[in-house]
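One structure is given here, and the rest of the page talks about it.
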């Protein structure tokens with residue numbers, strides 16, 4: 001197969017679809033890999049590193065799309081990239097189509113086969129290609145929130161862990177999945193006062209055992225969350241419904257309960273966000289203020305830590321890339337029901353039921 005790796009063009013996105021060791025394995029297996037010049041610069045990998053791995057370096061993205069049968073990316077394709085897709089292409093990347101009807105329409109029009117990392121499941125029903133970036137985003141959310149609580153960032157001037165004689169910040173985490181758990185690990189480790197909300201009693205029990213009582217767990221209802229907002233210094237939204245738009249757990253009127261200078265970090269923004277007041281931001285301009293509450297809603301959080309994120313992502317995606325290359329898309333998807341759930345667009349139609357329901361196309 002002819003595999004293309006274009007440079008990511010989303011604002012301040014430094015990750016890359018394939019790292020040289022994965023490229024090397026693909027070439028050993030007899031495939032051709034085309035990498036756009038400079039695609040690996042954000043993780044310290046030069047064109048020469050990719051050449052040594054067996055790739056052919058092409059001057060621009062247009063050449064990569066023209067040469068390749070399969071395009072492997074990190075973030076959802078931007079309009080200029082969608083325009084380059086043809087019916088023979090297989091696109092393998094994060095898509096997050098539920099809150100993005102324009103992207104969905106563009107991919108449908110292209111006729112390409114589009115497989116989304118975030119809706120692939122494993123044998124246990126987990127999301128193996130979303131997990132590594134959820135880990136990064138969850139940990140980053142606490143770090144970002146801690147920084148935003150400081151005075152120079154617009155916060156009240158609070159140290160998240162406090163000091164002897166001064167209480168720590170109160171952190172509320174919505175969702176006990178991968179990102180929520182990792183956000184809690186960081187917040188507890190930084191000595192914050194942490195409360196996590198989830199709708200699954202069994203998950204709350206697991207987290208209580210995992211954290212040895214250092215994490216407060218609460219069954220999530222709108223009333224309970226709204227009450228917690230009044231005392232919260234930092235709220236981290238980590239709710240996920242695979243393929244679907246994130247539920248709006250915090251309404252505009254709920255936000256008025258929060259103190260001026262408090263912070264919300266919406267990790268769920270890729271799927272539309274779980275705060276009604278959220279809208280996507282970028283690393284270049286990451287925050288905005290609503291009713292005195294600082295909002296951080298960067299839609300590609302892990303892109304700020306590209307070295308960690310790219311290698312973590314490739315460790316998860318590589319087996320699927322190999323399967324697509326070695327078997328072809330149709331056979332690879334047919335052989336693995338969990339992999340088949342990654343198919344979001346094919347032959348001009350949306351194929352994932354949760355995405356279809358969310359888009360109402």
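The values are calculated or read from the model by the stated rules, or taken from the named source; none is laboratory data. Computed from a prediction, not measured in an experiment: that's the story for all the values here. So basically every Cβ, Gly included, is an ideal-geometry build from the backbone, and we count neighbours across all protein chains shown.
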Do you know which residues across segment 140-159 are out of contact with any strand residue (DSSP E or B) (no Cβ under 7 Å at 6 or more places or on another chain) and assigned to a loop (DSSP other than H, G, I, E, B)? 150, 156, 157, 158, 159
Would you confirm whether any residue within segment 9-20 is within 14 Å of residue 321 (Cα to Cα) and assigned to a helix (DSSP H, G or I)? yes
Could we say that residue 80 is in contact (Cβ under 8 Å) with a residue 60 or more places away in the chain, surrounded by fewer than 20 Cβ atoms within 10 Å (Cβ to Cβ), in the same structural domain as residue 28 (by TED's automatic domain parsing) and at negative phi here? yes
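Conditions (1) closer than 16 Å to residue 235 by Cβ; (2) without any contact (Cβ under 8 Å) to a residue 60 or more places away in the chain; (3) crowded, with 23+ Cβ neighbours inside 10 Å, marked per residue:
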site: 145; (1), (2), (3): yes, no, yes
site: 150; (1), (2), (3): no, yes, no
site: 156; (1), (2), (3): yes, no, no
site: 159; (1), (2), (3): no, yes, no
site: 179; (1), (2), (3): yes, no, yes
Mind telling me which of the residues 104, 98, 62, 137 ends up being modelled with pLDDT of 95 or more, within 30 Å of residue 291 (Cα to Cα) and out of contact with any strand residue (DSSP E or B) (no Cβ under 6 Å at 6 or more places or on another chain)? 137
Would you call residue 268 over 13 Å from the mean Cα position of the chain (by Cα), in contact (Cβ under 8 Å) with a residue 12 or more places away in the chain and closer than 28 Å to residue 78 by Cβ? no
Tally up the residues in segment 221-245 that are at pLDDT 90 or above, within 17 Å of residue 181 (Cβ to Cβ) and either out of contact with any helix residue (DSSP H, G or I) (no Cβ under 6 Å at 6 or more places or on another chain) or part of a loop (DSSP other than H, G, I, E, B) (or both), please. 3
Restricting segment 245-257 to residues that are buried (at least 19 other Cβ atoms within 10 Å of the Cβ) and closer than 22 Å to residue 138 by Cα, the one farthest from the chain's Cα centre (by Cα) turns out to be 255
Got at least one residue in segment 98-108 being in a loop (DSSP other than H, G, I, E, B), without any contact (Cβ under 8 Å) to a residue 40 or more places away in the chain and surrounded by fewer than 19 Cβ atoms within 10 Å (Cβ to Cβ)? no
State the number of residues belonging to segment 203-220 that are farther than 21 Å from residue 135 by Cβ and modelled with pLDDT of 95 or more. 5
